[in-house]
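Q: Quick one: the structure is below, questions incoming.
What follows draws every value from the coordinates through simple rules; no lab data is involved. This one's a predicted model, so the numbers in the text were calculated from it and none came from an experiment. A quick note on method: Cβ atoms are made from the backbone with ideal geometry, for glycine too, and the neighbour counts reach across all protein chains shown.
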Amino acid sequence: MTRTADHRLPRRRRRRLTVALAVLLTAGGAGGATAAWSARQGGGQTAPEHPIRLDTVKVTKTDLSTDRTLPGTLGYGPLRALKGTGPGVLTKLPSPGATAVRGKPLYWVNDQPVTVFLGDTPFFRALDKPGLRGRDVTVLADNLRALGYDIGPTTDRAPTRHAPGGTEFTVELGAALKRWQRDTGQEATGTLTPGRALVLPGPVRVNTVTAAPGDPAEGEVLTYTTTAKSVAVSVDAAEVGALHTGQSVTITLPDSREIPGTVASVAGAVQGGSADDQTAQAGPPTVAVTVTPRHAGDVKGLDSASVQVRFSATDRKGVLAVPVTALLALREGGYALQRPDSTLVPVETGVFADGMVEVSGTGVNEGMTVVTAS
């Protein structure tokens with residue numbers, strides 16, 4: 001027996017509801033489905049007429065963003081331990097919260113200041129003889145120059161198989177070292193020995209002091225962090241591909257203020273998620289993402305806090321969109337929109353966000369009225 005149009009329509013409406021629910025469960029991804037149409041249909045199908053009242057919506061032009069909000073922790077970044085070098089006894093230590101800056105002493109050994117220099121190579125030998133060359137000499141030269149001392153001409157070279165690279169220790173550099181020692185109350189020997197200065201990667205903030213006056217200088221002295229505040233966020237490894245360094249985010253502070261931020265780094269290592277590793281973190285695998293407030297003044301006065309970070313993985317401006325409940329799945333595959341006169345219009349889907357879906361295709365335009373499931 002052949003069914004009439006009135007019997008087929010409820011099934012089509014049930015399919016529309018099923019599709020809408022399925023799409024909602026997967027919202028946030030981007031579709032690329034294109035309705036498949038046979039040649040004999042010539043690009044259009046006609047839904048059977050029916051007496052049921054239709055719920056309709058209009059195709060609108062709007063902006064769509066696939067936002068994701070995750071918890072984070074505002075602080076000064078990961079802790080690092082600082083170990084002293086050279087013989088002697090610690091006689092004076094900084095207070096937690098103190099800032100280590102270039103050219104200033106951070107602590108004292110045998111009542112002599114240990115000054116902060118900035119660079120990437122620690123002092124591992126005595127620097128005293130003209131002709132010495134190395135990256136440690138480069139650190140000394142760069143810091144004395146930055147502190148305003150005339151170090152004379154310097155020569156730098158790249159390392160080779162038979163000779164180290166870096167800057168050469170010259171007579172002029174030794175003279176500048178003497179002047180700096182004299183200005184900072186040290187014995188002006190013109191020799192820099194390990195332990196008289198320490199090298200840090202940049203200005204840092206003292207977090208905790210782990211040593212006490214009277215302890216040997218060769219040991220852990222303190223822990224430190226960067227001076228800039230940042231937010232640590234754990235992101236599901238399956239979703240981290242949508243994030244990139246330099247991406248703009250929004251940080252919500254405990255007082256509900258929203259401030260702009262930037263993704264500073266995305267770790268390359270995945271944490272947790274290994275069922276075979278008993279020491280692995282519980283839950284799905286995650287990736288550590290570091291976010292920095294765009295304006296340091298926005299978090300002034302907050303040393304540590306729980307915050308929320310909103311990421312916009314995809315941002316589409318001025319696209320045509322309809323509620324996902326307006327999508328109609330076709331037996332042939334793909335999706336269509338249904339006009340009130342029962343004509344079907346094939347569409348390609350784009351971004352899904354907040355119950356809406358981006359649509360495009362021939363015949364789809366802003367203000368067009370389409371049927372939606374109630």
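Q: Sort out for me the Cα centre separation of the stretch 204-242 from the stretch 318-355, rounded to whole Å.
A: Cα centroid to Cα centroid, the span is 51 Å.
Q: Where Lys and Arg each count +1 and Asp and Glu each count -1, what net charge lies around Leu64 among other residues with Cβ under 9 Å from its Cβ?
A: Here the count lands on -2.
Q: Give the peptides 104-116, 55-67 in descending order of average Cβ contacts within 10 Å, highest first.
A: On the way: 104-116: 18.2, 55-67: 14.9.
Descending packing order for the listed peptides: 104-116, 55-67.
Q: I need the peptides 83-92, 321-330 ranked by packing, meaning the mean over residues of other C-beta atoms within 10 angstrom, with the highest value on top. Let's see the in-between values first.
A: Numbers: 83-92: 16.6, 321-330: 22.8.
In decreasing order of mean packing, 83-92, 321-330 become 321-330, 83-92.
Q: Shifting gears a bit: Could you tell me the calculated FRET efficiency between Asp183 and Lys129, based on Cβ-Cβ distance and R0 = 22 angstrom, to the nearest 0.05? Don't jump to the answer; show the numbers that get you there.
A: Values: r = 23 Å, r/R0 = 1.03.
Rounded to the nearest 0.05, the efficiency is 0.45.
Q: I've got another one for you. Around Pro105, what is the net charge, scoring Lys/Arg as +1 and Asp/Glu as -1 over all other residues with Cβ under 12 Å from its Cβ?
A: On the way: positive: Lys92, Arg102, Lys104, Arg196; negative: Asp111.
Result for the neighbourhood of Pro105: +3.
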